[in-house]
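Trainee: Provided herewith is a single structure, encoded as structure tokens, for subsequent inquiry.
The values are calculated or read from the model by the stated rules, or taken from the named source; none is laboratory data. Everything quoted here is computed from the prediction, not taken from an experiment. In this analysis, Cβ positions are derived from the backbone assuming ideal geometry, glycine residues included, and neighbour counts consider all displayed protein chains.
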Amino acid sequence: MKVLDNLKKVQKIAKIEGRLRTHDLRHTTGRRLRERDVPLETIMGILRHSDIRETLVYAPYDLTKGEEAIMALDD
């Protein structure tokens, strides 16, 4: 069974409407890793990007995390 077939099956079970592409999994992976504070360089390697700017499309900067990091300096 192809990846796309599995994706469509899961999409149906999860009742997700609309067009879902296998490429969407890359975006989800990048964002979830970023949310778990995985270093951007590591995400870049996992997604096999050659340019960090491309990784930022998949794992954008989170202003709240940045604010928390700055506040940590007060500790």
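Trainee: Do you know which residues across region 23-55 are assigned to a helix (DSSP H, G or I) and farther than 25 Å from Val3 by Cβ?
Mentor: Selection gives Leu40, Glu41, Ile52, Arg53.
Trainee: Hey, can you tell me all the residues within region 56-69 that are part of a helix (DSSP H, G or I) and of a type outside the set (D, E, K, R)?
Mentor: Correct list: Leu56, Val57, Tyr58, Leu63, Thr64, Gly66, Ala69.
Trainee: Another one. (1) part of a helix (DSSP H, G or I); (2) closer than 30 Å to Lys2 by Cα; (3) at pLDDT 85 or above; (4) not small (Gly, Ala, Ser): which one isn't true of Glu17, the others all being true?
Mentor: Result: Glu17 passes all but (1).
Trainee: In this structure, is Glu68 over 9 Å from the mean Cα position of the chain (by Cα) and within 22 Å of Val3 (Cβ to Cβ)?
Mentor: no
Trainee: Which one is surrounded by the fewest Cβ atoms within 10 Å (Cβ to Cβ) among residues in region 56-65 that are over 22 Å from Leu4 (Cβ atoms) and touching a Lys or Arg at 6+ places or on another chain (Cβ under 9 Å)?
Mentor: Among those that are over 22 Å from Leu4 (Cβ atoms) and touching a Lys or Arg at 6+ places or on another chain (Cβ under 9 Å), it is Tyr61.
Trainee: Among all residue pairs at least 6 apart or on different chains, which show Cβ distances below 9 Å where the first residue, located in region 46-63, is over 11 Å from Gly30 (Cα atoms) and among the polar types (S, T, N, Q) and the second is assigned to a helix (DSSP H, G or I) and at pLDDT 85 or above?
Mentor: Ser50/Met44
Trainee: Would you pick out the residues in region 10-51 that are closer than 30 Å to Gly66 by Cβ, surrounded by 14 or more Cβ atoms within 10 Å (Cβ to Cβ) and either polar (S, T, N, Q) or under 8 Å from the mean Cα position of the chain (by Cα) (or both)?
Mentor: Those that are closer than 30 Å to Gly66 by Cβ, surrounded by 14 or more Cβ atoms within 10 Å (Cβ to Cβ) and either polar (S, T, N, Q) or under 8 Å from the mean Cα position of the chain (by Cα) (or both): Arg26, His27, Thr29, Gly30, Arg31, Leu33, Arg34.
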